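Below is one structure; the comments refer to it alone.
The values are calculated or read from the model by the stated rules, or taken from the named source; none is laboratory data. In this text, all values refer to a predicted model and were calculated from it rather than measured experimentally. Here the Cβ positions follow ideal geometry from the backbone for every residue, glycine too, while neighbour counts run over all protein chains shown. All accessible areas refer to the heavy atoms of the entire protein, side chains included, with ligands and DNA or RNA removed. Shrake-Rupley method; radii C 1.70, N 1.55, O 1.52, S 1.80 Å.
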Amino acid sequence: MIEFDSVSKTYGPTRAVADVSFTVPDRSTTVLVGSSGSGKSTLLGMVNRMIEPSSGRVLVDGQDVAGVNPVRLRRSIGYVMQSGGLLPHRTILDNICVVPRLNGATKADARRRGRELMEVMGLDVSLERRYPAQLSGGQRQRVGVARALASDPSILLMDEPFSAVDPIVRRELQAEVRRLQRELGKTILFVTHDIDEAIALADDVVILHAGAIAQRGSPAELLTSPASDFVADFIGLTDGSRQLRLDDGRLVRDGTGRLLGKLQ
Ligand code: ADP
């Protein structure tokens, strides 16, 4: 579980995050969504101490991360970034094995684990000797996710991981994340500026506006009870771009009939 307890962050005169509190429950996916500059990356970076809050606390499994060695913390939390962050002169398999090797796994064990993860992520083993530049953008992001999973972390942080891949591959990768979360029981904090991606992935969505929470709720709650005109606008309810319907007064579906969630 990840808990943000009244965290703020200021950079000189800029208030990047203003008194934000929310919890990411175990084995669920929370998506932070908002326009550029709304504070998403700043909040995500507080979890593994890439960014220190100006005030407030972040707790992981009840422990204030401020008291945890940053290097140990980062090796225990999976992190996937937009650029993939792969080492260009290492093979795919070596890239996936980086953290287990740093954590002291033998080369043979790390490689065995790396191959398993390639399979989990739908990467053909024939790719293991290639270099990142020889893969497609979507394959590179799969490698990025496999690498983040390599030390078997319970928490995955994902910072706009799919924004540079084309829409079809992006939907495939979103489906992979949902599957991983379900099958491996990971706790995922995912950042995106794309509300459709948030609705597709999230158990809980946190909509940020100028460093503060505009609304937090399940996709169904946001869509049926937006807390403000800002939220209604942001999720596309006011310009007709999102059609919704309720079945039995409980099941929220979009215009195509896809189930978005259930109201309590
Ligand atoms: P998002 O991820 O939603 O795009 P960020 O968390 O990156 O937003 O940034 C939130 C605000 O903080 C923005 O106004 C940004 O310009 C500012 N900011 C972020 N990092 C720094 C920094 N290192 N120095 C100064 N201002 C920063």
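A few notes on this one:
- Loop-located trypsin sites (Lys or Arg not before Pro) across the range 97-189 with a Cβ neighbour count of 16 or fewer within 10 Å are R129, R130, with loop assigned by DSSP.
- Here the range 78-152 has 48 percent of its accessible surface on carbon and sulfur atoms, given a 1.4 Å probe and all protein chains in place.
- Solvent-accessible area of L135, all protein chains in place: 10 Å² (probe radius 1.4 Å, heavy atoms, ligands and nucleic acids excluded).
- For the chain, built as a Gaussian network whose Cα springs stay under 10 Å, the top-fluctuating residue of L184, L201, L222: L184
- 3J(HN,Hα) along the range 17-26: 9, 10, 6, 9, 10, 6, 10, 9, x, 4 Hz, from the Karplus curve 6.51 cos²θ - 1.76 cosθ + 1.60 with θ = phi - 60°, whole Hz, x for Gly and Pro.
- Placing Y79, Y11 in order of accessible area, with the largest value first and a 1.4 Å probe, yields Y11, Y79.
- Residues whose placed amide H lies under 5 Å from that of I51, excluding near-sequence neighbours: M46
- A straight Cα-to-Cα reach below 29 Å connects K9 with the lysines K40, K186, residues fewer than 8 places away in its own chain not being considered.
- For the range 78-152, alpha-carbon Rg and Dmax in angstrom: 10.8, 31
- Cα-centre dipole for the range 58-125 with unit charges at Cβ (Lys and Arg positive, Asp and Glu negative), debye to 20: 300 debye
- Other-chain or far-sequence residues with amide H under 5 Å of V80's (modelled H): L157, M158, D159
- Karplus-derived 3J(HN,Hα) values for the range 216-228, using 6.51 cos²θ - 1.76 cosθ + 1.60 with θ = phi - 60°, are 10, x, 5, x, 5, 5, 5, 6, 9, 9, x, 6, 7 Hz; glycine and proline are entered as x.
- Note on the range 41-119: the alpha carbon radius of gyration divided by the globular reference 2.2 N^0.38 Å gives 1.29.
- Taking 7 Å steps out from each Cα toward its Cβ at D233 and T14 produces label points 2.2 nm apart.
- Positive contributions from Lys and Arg (+1) and negative ones from Asp and Glu (-1), summed over other residues with Cβ under 11 Å from the Cβ of Q63, come out at -2.
- Kirkwood-based shape ratio for the range 124-236, expressed as Rg/Rh from alpha carbons: 1.02
- With a Förster radius of 30 Å applied to the beta-carbon distance between R57 and S126, the computed FRET efficiency rounds to 0.05.
- Coupling constants for the range 72-77 follow from the phi torsions by the Karplus curve (6.51 cos²θ - 1.76 cosθ + 1.60, θ = phi - 60°), and in residue order they are 4, 4, 5, 6, 9, 10 Hz; glycine and proline get x.
- Cross-link partners for K107 among the aspartates and glutamates, with Cα-Cα distance under 18 Å and sequence neighbours closer than 8 places in the same chain left out: D94, E116, E128, D152.
- Choice from V145, V80, V165 with maximal GNM fluctuation in the chain (Cα, 10 Å cutoff): V165
- Under the Debye formula (equal points on every Cα, no solvent term), log10 I(q)/I(0) of the chain at q = 0.08, 0.10, 0.15, 0.16 Å⁻¹: -0.33, -0.52, -1.11, -1.23
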